[in-house]
1. Would you calculate a helix-derived [θ] at 222 nm for the chain, using -39,500 (n - 2.57) for each DSSP H run of n ≥ 4 and dividing by the full residue count, to the nearest 500?
2. Projected area of the range 312-360, taken from the Cα convex hull and averaged over every viewing direction, in nm²?
3. Top mean-square fluctuation among ASP266, ASP179, ASP211, Gaussian network model of the chain, C-alpha springs under 10 Å?
4. Normalise the Cα radius of gyration of the range 133-206 by 2.2 N^0.38 Å (N = residues in it) and let me know the number.
5. Taking R0 as 30 Å, what FRET efficiency do you get between GLU207 and ALA254 from their Cβ-Cβ distance, rounded to the nearest 0.05?
6. Using only Cα atoms, find the angle between the long axis of helix 70-82 and the longest principal axis of the chain, and express it within 0 to 90 degrees, rounded to the nearest 10.
7. What FRET efficiency would be calculated for the residue pair ARG113, ALA346, taking the C-beta separation as r and a Förster radius of 35 Å, to the nearest 0.05?
8. Check which residues have an amide H placed less than 5 Å from ILE293's amide H, if you skip close sequence neighbours.
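The values are calculated or read from the model by the stated rules, or taken from the named source; none is laboratory data. All values derive from a computational prediction rather than experimental measurement. All Cβ positions, glycine included, derive from the backbone under ideal geometry; neighbour counts span all protein chains shown. Surface accessibility is based on the protein's heavy atoms, side chains included, excluding ligands, DNA and RNA. Shrake-Rupley method; radii C 1.70, N 1.55, O 1.52, S 1.80 Å.
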Amino acid sequence: MDQKRAPPLGEQDLESRYQPVRGSAVIQPARPAPIELGSGPRATSETVAANSGWIPPLQQEMARVIVGQKQLIDRLLIALLTNGHVLLEGVPGLAKTLALKTLAGCVGVGFKRLQFTPDMLPADIVGTMIYNPQDGAFRTKHGPIFSNLILADEINRAPAKVQSALLEAMQERQVTIGDETYELPNPFLVLATQNPLEQEGTYPLPEAQVDRFMLKVIVNYPSRAEERAILDTMATSEPLIVPRSVVSAAQILAARHVVNTLYVDDKIRDYIVELVLATRPPLAASLDLNGFIQTGASPRATIALTLGARAMAFLQGRHFVIPQDVKTIAPDVLRHRVSVTYEAEAENISSENVIEKILNTLPVP
């Protein structure tokens with residue numbers, strides 16, 4: 001089915017359709033009073049420009065190390081701007097770990113790498129209580145989770161008990177050791193990778209934990225030109241380029257506040273809700289998807305779509321969201337939240353096929 005796209009819009013059209021309307025009273029249907037994530041006035045184009053100046057230098061610095069993978073870099077920036085966790089999936093050698101290490105090097109915050117293995121224990125992540133024989137007291141030893149950027153490499157190599165140790169940290173931004181609860185630093189992001197190959201000896205992530213990742217990004221093979229650039233740049237035994245720190249934690253937190261105040265029109269809000277409801281019955285049945293979807297997207301998907309669309313608009317220098325922002329980020333938000341049935345798998349229908357049909361079928365505002 002042909003995809004229904006929003007008609008080409010000029011600047012004047014965007015001004016009238018998706019920007020906030022001032023000085024006009026429009027009667028709207030009764031609905032619960034919205035609670036905005038940001039406080040204060042809405043962002044303006046000047047505010048966005050003033051707080052997004054660090055994005056081009058960060059992209060250029062990462063491009064010195066990472067060849068291609070623009071979509072991957074943009075999704076990592078969206079995670080930084082929205083305080084969301086990211087799950088990367090791809091075959092070995094596609095620069096998943098390198099991209100995360102490069103991002104950490106470009107951002108002036110703490111970074112720790114966790115290599116997940118089958119013999120790991122939860123204490124290896126969050127820490128534990130250590131007995132001191134000199135005074136007979138227990139002291140808390142913090143684990144590597146107490147950092148800003150956490151690279152959970154090959155997260156599906158560890159058993160479920162270890163994976164669950166990340167749940168409280170990812171959702172509540174805190175860790176409980178013994179009787180004490182410790183706040184994690186801000187910003188705090190978990191950037192996890194998993195290998196779709198070699199399923200023997202791996203442990204699939206629990207659904208409750210997968211839903212806590214804001215985005216699931218599929219890393220694909222580079223193009224022919226990118227492959228040649230990789231050969232010219234990386235085919236050496238010399239040490240790789242060390243990225244420079246180009247942005248601070250304070251700049252990221254300030255940009256997050258601006259992202260929260262970007263304008264989202266009521267029509268786009270309703271479109272986001274329709275996208276999520278289309279993954280659940282009975283609306284899924286009206287789209288001829290009944291029998292293909294086993295579990296629909298949770299309300300976290302609605303929140304993630306809104307935040308992701310705002311961050312997408314921020315990256316493009318806009319202070320308002322357009323429908324294409326939602327459609328661009330929707331596959332990364334929904335692919336791990338929509339599970340298909342055995343009948344769909346038998347017909348070689350994946351969650352991405354379901355999401356694509358929903359995006360192609362629902363009318364764009």
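1. My calculation for the chain gives -11500 deg cm²/dmol from helical runs alone.
2. Details: hull surface 15.3 nm².
Computing the convex hull of the Cα atoms and averaging its projections yields 3.8 nm².
3. Highest fluctuation of the listed residues: ASP179.
4. Details: Rg = 15.0 Å, N = 74, 2.2 N^0.38 = 11.3 Å.
Rg over 2.2 N^0.38 Å, computed on Cα atoms: 1.33.
5. According to the calculation, E is roughly 0.30.
6. Here the helix axis deviates by roughly 90 degrees.
7. 0.35
8. For ILE293, whose amide H was placed from the backbone, the distant partners under 5 Å are THR341.
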